Amino acid sequence: MTGPGGVLVLVGIAAVSALADGLTEGGPGLILDVGLVLGAVVAAMSTSARAMWLIIPMPPLVFSVMAVAAGVVGDQNTSRSLTRLATAAATWITKGFVAMVAATLLGVMVIVVRAANRRF
């Protein structure tokens, strides 16, 4: 799969999990965290060797957008005020720090293992 295709896989899995999280938990939570990690691993496994570098920086960027989306879906009161939305978005994004780090590191580990297996 091409690099943009891998990014779309990551975004798609994260978007579905963000929607599920927003509807069930009222904002970003465990479902989005697991979806992000799963999406990063699947994207790293399915992307071609030349385009793997495109997957590495994506988990934090995707999480930042999807956390806000899940929060807005789950709590419509935050979208009524720009100040309230900005404050809530900062909180949602910082709560996902561990998931962003885990997704990035697991994606890098998959890429390293794939690269090592290709050489031997």
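Values for this structure:
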| item | result |
| --- | --- |
| Failed item, numbered, when Ala49 is tested on (1) within 15 Å of Gly107 (Cα to Cα); (2) at pLDDT below 85; (3) surrounded by 15 or more Cβ atoms within 10 Å (Cβ to Cβ) | (3) |
| Every pair of residues 6+ apart whose Cβ atoms lie under 8 Å, when the first sits in segment 8-21 and is in contact (Cβ under 8 Å) with a residue 40 or more places away in the chain while the second is outside any helix (DSSP H, G or I) and crowded, with 18+ Cβ neighbours inside 10 Å | Leu10/Ile55; Ala18/Pro28; Asp21/Gly27; Asp21/Pro28; Asp21/Gly29 |
| Count - residues of segment 99-120 that are more than 15 Å from Val62 (Cβ to Cβ), among the β-branched types (Val, Ile, Thr) and touching a residue at least 12 places away in the same chain (Cβ under 8 Å) | 3 |
| Failed condition for Val73, given (1) touching a residue at least 12 places away in the same chain (Cβ under 8 Å); (2) surrounded by 13 or more Cβ atoms within 10 Å (Cβ to Cβ); (3) farther than 17 Å from Ala20 by Cβ | (3) |
| Hits in segment 54-84 (condition: part of a loop (DSSP other than H, G, I, E, B) and within 14 Å of the chain's Cα centre (by Cα)) | Ile55, Ile56, Pro57 |
| Residue count, segment 100-120 (criterion: surrounded by fewer than 12 Cβ atoms within 10 Å (Cβ to Cβ) and assigned to a helix (DSSP H, G or I)) | 5 |
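The values are calculated or read from the model by the stated rules, or taken from the named source; none is laboratory data. Since this is a predicted model, take the numbers as computed values, not measurements. Positions of Cβ are generated from backbone atoms using ideal geometry, with glycine treated the same way; all protein chains shown enter the neighbour counts.
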